[in-house]
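Working notes, beginning with the structure itself.
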Ligand code: HEC
């Protein structure tokens, strides 16, 4: 160490060795800056679809399409909502848990765990403000309600996701929970039974009839 060159200044008696960074290190540093410019140009400023987030979104959309190809494009009808909400729908239980996951991700903040109500109304009782028939659930979710107090999900969820989360909401009715929000709105008649023809229709038939590639846009 004693032979190493010193820089010719001292601050309060503290001196500095003249040790430049090794060349290879410096050039790696410069190289990474140059590389980052091409990287940013190609992946972030270049054609859309190249960035990691774009690729992730595309992969996710493809996966959702694949997943939903089994049930096709569900229309938000009373039959579909009731079918996917009922235990009667054998093999559809797993689709109800998809609805539950959607609910947990998007709705719990306002409607509470298990739908007991928070900012939004309690979804477990027989009283509703905007819902008179079971298909109104899907309409409210798609379009929103209460001047935006209930956000519109039509552009944020896929049509199938709206049906499945509606099915989950329909299934919450009549479940008992402690500490739920008091009823709001007026009492409505019980959900009807899904029509026999709908219950007979295997999901595959719907898949054949529908186009399973209506993916989320954008
Ligand atoms: C930002 C808070 C908020 C979020 C998030 C939210 N809601 Fe709501 N929701 C409300 C409010 C507030 C109302 C009552 C609107 C009114 O007063 O008419 C409502 C009403 C509803 C209704 C009709 C209830 C009735 O009594 O008529 C349903 C069904 C519903 N929401 C389902 C959902 C679902 C499903 C989600 C998730 C995809 C969701 N909400 C997310 C706040 C929210």
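The values are calculated or read from the model by the stated rules, or taken from the named source; none is laboratory data. Every value quoted in this text rests on a predicted model; they were computed, and no experiment measured them. Cβ atoms come from the backbone with ideal geometry, glycine included; neighbour counts cover every protein chain shown.
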Do we find a residue being closer than 30 Å to residue 59 by Cα, modelled with pLDDT of 95 or more and either loosely packed, with under 15 Cβ neighbours inside 10 Å or near the ligand (Cβ under 10 Å from one of its atoms) (or both) anywhere in the stretch 170-192? no
Name the one entry in 63, 80, 106 that is within 12 Å of the ligand (Cβ to nearest atom) and either out of contact with any helix residue (DSSP H, G or I) (no Cβ under 9 Å at 6 or more places or on another chain) or assigned by TED's automatic domain parsing to the domain that holds residue 171 (or both). 106
Those residues of the stretch 74-104 that are part of a loop (DSSP other than H, G, I, E, B), surrounded by fewer than 18 Cβ atoms within 10 Å (Cβ to Cβ) and at pLDDT 85 or above come to a total of 2
Quick one: in the stretch 109-125, of everything that is near the ligand (Cβ under 10 Å from one of its atoms) and surrounded by fewer than 17 Cβ atoms within 10 Å (Cβ to Cβ), which residue is farthest from residue 180 (Cα to Cα)? 109
Members of the stretch 126-138 found to be more than 9 Å from the ligand (Cβ to nearest atom) and buried (at least 17 other Cβ atoms within 10 Å of the Cβ), listed by number: 134, 135
Take residue 164 and decide whether it is over 16 Å from the mean Cα position of the chain (by Cα) and surrounded by 23 or more Cβ atoms within 10 Å (Cβ to Cβ). no
